[in-house]
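Undergrad: First, the structure itself, so that you have it in front of you.
The values are calculated or read from the model by the stated rules, or taken from the named source; none is laboratory data. All figures in this text were calculated on a predicted structure; none of them were measured in a lab. Positions of Cβ are backbone-derived with ideal geometry, glycine not excepted, and every protein chain shown enters the neighbour counts.
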Amino acid sequence: MTQTDVILQAMKKNAVDNGYFLCPDTQLLQDLIKGLAVNTQRYGYGSCPCRIASGVKTYDADIICPCEYRDADVDEFGMCYCGLFVRKEVHADSSKMRPIPERRPQEVQDAALAVAEGRQGTSDKHTGTSTPAVREEKKVKVWRCTVCGYLCARETPPPVCPICKAKAERFKHFLLEK
Amino acid sequence: MKCETVPGKRKNHQVKIFTLSTCGWCKKTKELLKALDVQYEYIDVDTLTGEDLVEAHEEVKRYNPYRTYPTIIIDNGNHIILGFNEKEIKEKLGK
């Protein structure tokens, strides 16, 4: 198997596990997978083919495919930023594929690109391993699969539980008691 | 900073696009401009290093603070199209 085949198979499995589908535009799908293969060769990790990477893994971690923004984008727009992962109805009608707004915060991207340009921020100089300070988690909802107990943090429950395949309606909003 | 020029018969606008070599939507944009026979210049920002990279980032940021790709700059910034906006590209450049 070539590297692109390996990536395609992994993404296919990831889509199925999460109740998503892969890009219905076959040419775009092929280009995105190829782009991921190039980035994997170039950086050592498969950062999003449609975003500019810094080349420093700690700063690109949020855009390594599948990116941190995928679930929220698929929830809101039916597809992720590059279009590799889509919801069922978009998969059935590729004319629904279109550019969507960038969810990655600008300050996160600016910090990453400053590193790429050799203008590393002062707060995390020389560490290379610390998480950039700007990347704080926002308050997100937590959902619990009532079938197997799987927990995930996102705005809406996933289409299927990646562990036990229970459908979205089997998820309940999970609240921690104070 | 080296730009690649793709020749075309339509030259009534100056078209410069900042793209990523790995991006499928950037590829669609290049293909659409080619199909419309629009002459354009492109810069694959992900293939740049050092001074060229800094220069490209600065230029993209001037027109598009979010630095998303493709960024399509028409007539030195008189009109900007962000992303593969097929309708807008056709309306602006396909006539």
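Undergrad: Would a scan of segment B:19-31 turn up a residue that is over 12 Å from the mean Cα position of the chain (by Cα), in a helix (DSSP H, G or I) and closer than 26 Å to residue A:36 by Cα?
TA: yes
Undergrad: Looking at B:81, B:89, which is the one that is assigned to a strand (DSSP E or B), on the phi < 0 side of the Ramachandran plot and either within 8 Å of chain A (Cβ to nearest Cβ) or modelled with pLDDT of 95 or more (or both)? Give the steps one after another, and end with the answer.
TA: Numbers: B:89 fails: assigned to a strand (DSSP E or B).
Just one listed residue meets the conditions, B:81.
Undergrad: Within segment A:13-36, which residues are surrounded by fewer than 14 Cβ atoms within 10 Å (Cβ to Cβ) and under 15 Å from the mean Cα position of the chain (by Cα)?
TA: Hit for segment A:13-36 is A:13, nothing else.
Undergrad: If you go through segment B:55-78 one residue at a time, how many are basic (Lys, Arg) and assigned to a loop (DSSP other than H, G, I, E, B)?
TA: Matching residues across segment B:55-78 total 1.
Undergrad: I would also like to ask the following. Being at pLDDT 95 or above and assigned to a strand (DSSP E or B) is the filter; apply it to segment A:144-159 and report the residue that is surrounded by the most Cβ atoms within 10 Å (Cβ to Cβ).
TA: A:145
Undergrad: Looking only at segment A:99-108, decide whether some residue is crowded, with 20+ Cβ neighbours inside 10 Å, of a type in the set (A, V, I, L, M, F, W, C) and more than 11 Å from the chain's Cα centre (by Cα).
TA: No, that holds for no residue.
Undergrad: Considering only residues that are facing chain B (nearest Cβ under 9 Å) and in contact with a strand residue (DSSP E or B) (Cβ under 6 Å, 6 or more places away or on another chain), which ones fall in segment A:48-82?
TA: A:53
Undergrad: In addition: Any residue in segment B:5-27 that is free of Cβ contacts under 8 Å to residues at least 40 places away in the same chain, hydrophobic (A, V, I, L, M, F, W, C) and either within 9 Å of chain A (Cβ to nearest Cβ) or under 24 Å from residue A:31 (Cα atoms) (or both)?
TA: yes
Undergrad: Output the number of residues of segment A:14-37 satisfying the condition of being closer than 14 Å to residue A:74 by Cβ and facing another protein chain (nearest Cβ under 9 Å).
TA: 1
Undergrad: Return the pairs, sorted by first residue and then second, in which the second residue is part of a helix (DSSP H, G or I), the first residue lies in segment A:54-76 and is free of Cβ contacts under 8 Å to residues at least 40 places away in the same chain, the beta carbons are less than 7 Å apart, and the residues are 6+ apart or on different chains.
TA: Note: pairs meeting the criteria are A:68/A:62.
Undergrad: Of the conditions (1) within 14 Å of another protein chain (Cβ to nearest Cβ); (2) at pLDDT 95 or above, residue B:54 satisfies every one except a single condition; which number is it?
TA: For residue B:54, the exception is condition (2).
Undergrad: Read through the list (1) more than 8 Å from chain A (Cβ to nearest Cβ); (2) surrounded by 16 or more Cβ atoms within 10 Å (Cβ to Cβ), then give the number of the only condition that residue B:31 fails.
TA: (2)
Undergrad: State whether one or more residues within segment A:77-95 are outside the structural domain of residue A:156 (by TED's automatic domain parsing), basic (Lys, Arg) and without any contact (Cβ under 8 Å) to a residue 40 or more places away in the chain. Spell out the reasoning first.
TA: Residues of segment A:77-95 outside the structural domain of residue A:156 (by TED's automatic domain parsing): A:77-95.
Among the residues that remain, those that are also basic (Lys, Arg) are: A:87-88.
From what is left, the residues that are without any contact (Cβ under 8 Å) to a residue 40 or more places away in the chain are none.
Among the residues of segment A:77-95, not one is outside the structural domain of residue A:156 (by TED's automatic domain parsing), basic (Lys, Arg) and without any contact (Cβ under 8 Å) to a residue 40 or more places away in the chain, which makes the answer no.
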